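S.K.: Submitted below is the structure of interest, expressed as structure tokens.
Quick note: the coordinates plus some simple rules give every number you see, no bench work behind them. Just so it is clear, the structure is predicted and the values come from calculations on it, not from any experiment. Here the Cβ positions follow ideal geometry from the backbone for every residue, glycine too, while neighbour counts run over all protein chains shown.
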Amino acid sequence: MDYMVLYSSKTGNTKKVATEIFSALPGMSKDMQSMEEYRGKDAEIFFIGFWVNRGTCEMTVIDAMSELHGKKIALFGTCGLGKGEAYYRSIEQKVNVWIPDDCEYLGIFLCQGKMPMQVRQNYEIAWEDPRQEACRKKMLRNFDEALFHPNDQDLSDARAFVNRILETCE
């Protein structure tokens, strides 16, 4: 089988996961490119990676997915805002709708990723409404936890995701 790993990475988190996914794919008939590099190289199975922005992916990812037809597509992504099955499902629902109907959707892998320090600086500023203080503190805790992601466990989970996808495609 031919594999293409496409990704968009703003801070390096998604590229790190893309590299792990690429290394987990068998054989020599595989390639990995950023969205900026991609010029329509064909493959049977596409692993498409993105960084989560306001609960979805960016336009370059939507455009790339929308142009694929008759392919098998697996998604992966990193998000700084947190982790949790409900949050991950909401991201999946917002992103997989852009996969053309004639493609086969294979699933998604998401993990937390570190955010730029500017985000933490924004959280450090006291909010006008004192009732929001608990939320602000939660955002700061989440930011600090995200500093350690994607970690070895996340990368191991990404490899397991690839193995599950490959099993379903045999």
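S.K.: Which entries in the list 72/114; 10/30; 15/137; 71/114; 41/83; 83/137 go over 27 Å, if you measure between the two C-alpha atoms of each?
M.R.: Long pairs (Cα-Cα over 27 Å): 72/114; 15/137; 71/114; 41/83.
S.K.: What order, most packed first, do the peptides 23-36, 138-151, 74-87 have when packing is the mean number of other Cβ atoms within 10 Å of each residue?
M.R.: The packing order, highest mean first, is 74-87, 138-151, 23-36.
S.K.: For 123, 3, 105, which order do you get if you count the other beta carbons within 10 Å of each Cβ and list the fewest first?
M.R.: Sorted ascending by nearby Cβ count, the order is 105, 123, 3.
S.K.: If Lys and Arg each add +1 and Asp and Glu each add -1, what is the summed charge of the other residues whose beta carbon sits under 13 Å from the beta carbon of residue 51?
M.R.: Overall, the nearby charge balance is +4.
S.K.: If I build a Gaussian network model for the chain, linking alpha-carbon pairs within less than 10 angstrom, which residue out of 21, 45, 125 has the largest mean-square fluctuation?
M.R.: Result: 125 has the largest fluctuation of those listed.
S.K.: Express in nm, to one decimal, how much length is gained between residue 69 and residue 169 on full extension, taking 0.36 nm for each residue of separation and deducting their alpha carbon distance.
M.R.: Full extension of this stretch gives 34.3 nm more.
S.K.: While we're here: Rank the residues 162, 119, 17 as a footprinting-exposure proxy: fewest other Cβ atoms within 10 Å of their Cβ go first.
M.R.: 119, 162, 17
S.K.: Also: Quick check: the angle from helix 152-169's long axis to the longest principal axis of the chain, C-alpha only, nearest 10 degrees?
M.R.: Helix 152-169 sits roughly 30 degrees off the main axis of the chain.
S.K.: Using only Cα atoms, tell me the angle between helix 13-24 and the longest principal axis of the chain; keep it within 0 to 90° and round to the nearest 10.
M.R.: Result, in degrees: 30.
S.K.: What does the extension gain come out to for residue 29 and residue 118, with contour length at 0.36 nm per residue minus their alpha carbon separation?
M.R.: Here the segment from residue 29 to residue 118 would lengthen by 28.0 nm.
S.K.: Give me a comma-separated list of calculated 3J(HN,Hα) values for region 92-101, in order, Karplus coefficients 6.51, -1.76, 1.60 applied at θ = phi - 60°, integers in Hz, x for any Gly or Pro.
M.R.: 4, 5, 7, 9, 5, 5, 7, 6, x, 4
S.K.: Through the Karplus equation 6.51 cos²θ - 1.76 cosθ + 1.60, θ set to phi - 60°, convert the phi angles of region 121-138 into ³J(HN,Hα) values in whole Hz; use x for Gly and Pro.
M.R.: 4, 5, 6, 6, 6, 4, 7, 4, 8, x, 5, 8, 4, 4, 5, 4, 5, 5
S.K.: Oh, and also: Want the number for residue 59 to residue 144: 0.36 nm per residue separation, take away the alpha-carbon distance, what's left?
M.R.: Here the answer is 27.8 nm.
S.K.: Let me ask something else about it. When Cα Rg over 2.2 N^0.38 Å is calculated directly from the model, which label among (1) 0.98; (2) 1.09; (3) 1.15 fits?
M.R.: Here Cα Rg over 2.2 N^0.38 Å agrees with entry (2).
S.K.: Continuing with the same structure: Put +1 on the Cβ of every Lys and Arg and -1 on every Asp and Glu Cβ in the chain; which of 28, 40, 143 then has its Cα farthest towards the positive end of the dipole?
M.R.: 143
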